[in-house]
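The block underneath contains the structure these notes are about, expressed in structure tokens.
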Amino acid sequence: MASEPRTIRVVAAMLEQNGRYLITQRRPSAVLPLLWEFPGGRVEPGETDTQALQREVAHRLGAAIDVGKLISFVSHPYEHYVVDLFLYECRLVGERLEPRNVSAYRWVSSAEFDQYAFTPADEASMNKLLGVT
């Protein structure tokens, strides 16, 4: 009997400025290399979603954020695990980004999302938000 795949809790920040959203590109050495996503990462044991988001955004982009309300949840099965992705409305504290653990970042409009190859979980989350089936 096969065991249930493990579930990984992941949080992501939807950061919007002037109708554009911040997306980041995964590093070449990462799982799902060079795909795009909303900034965030895995929730570690003992962390709240807010703590994990603040830690991950600081680690990846050198930026502080205020975490707002939960705006989307999707559960996406991959081959060896399931990702439960919680997307939060967030706000940058300050203007500076100092990317260090991403390949690239962009501010894009929702109309431009289809120009980027997103991770499957992020794509499912975007489709849910945009009402795409």
In the list Gly40, Gly94, which residue meets the criterion of being small (Gly, Ala, Ser) and in contact with an Asp or Glu (Cβ under 6 Å, 6 or more places away or on another chain)? Gly40
When the range 53-72 is examined, which residues are found to be among the hydroxyl-bearing types (Ser, Thr, Tyr) and farther than 19 Å from Met126 by Cβ? none
Can you tell me which residue among Ala124, Ala104 is touching a residue at least 60 places away in the same chain (Cβ under 8 Å) and of a type in the set (A, V, I, L, M)? Ala104
Number of the exception - Arg42 against (1) under 13 Å from the mean Cα position of the chain (by Cα); (2) without any contact (Cβ under 8 Å) to a residue 12 or more places away in the chain: (2)
How many residues does the range 50-96 hold that are without any contact (Cβ under 8 Å) to a residue 40 or more places away in the chain and open to solvent by less than 30 Å² (accessible area, probe 1.4 Å)? 2
What do you reckon, is Ser3 open to solvent by less than 20 Å² (accessible area, probe 1.4 Å) and of a type in the set (Ser, Thr, Tyr)? no
Taking the stated definitions as given, is Ser29 more than 15 Å from the chain's Cα centre (by Cα) and not acidic (Asp, Glu)? yes
Is it the case that Val74 is of a type in the set (A, V, I, L, M) and more than 14 Å from the chain's Cα centre (by Cα)? no
Just wondering, is there one or more residues in the range 47-56 that are modelled with pLDDT of 95 or more, in a loop (DSSP other than H, G, I, E, B) and touching a Ser or Thr at 6+ places or on another chain (Cβ under 6 Å)? no
Of the conditions (1) open to solvent by 50 Å² or more (accessible area, probe 1.4 Å); (2) among the hydroxyl-bearing types (Ser, Thr, Tyr); (3) modelled with pLDDT under 95, Ser125 satisfies every one except a single condition; which number is it? (1)
Being under 18 Å from Ala58 (Cβ atoms) and modelled with pLDDT under 95 narrows it down to one of Arg26, Arg6, so name that one. Arg26
Residue by residue through the range 58-103, note down the ones that are within 17 Å of Ile8 (Cα to Cα) and assigned to a loop (DSSP other than H, G, I, E, B). Tyr78, Glu79, His80
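The values are calculated or read from the model by the stated rules, or taken from the named source; none is laboratory data. Computed from a prediction, not measured in an experiment: that's the story for all the values here. Reconstructed Cβ throughout: ideal geometry from the backbone, glycine too, with neighbour counts over all protein chains shown. Side chains are part of the model used for accessible areas, which takes the heavy atoms of the whole protein and leaves out ligands, DNA and RNA. Shrake-Rupley method; radii C 1.70, N 1.55, O 1.52, S 1.80 Å.
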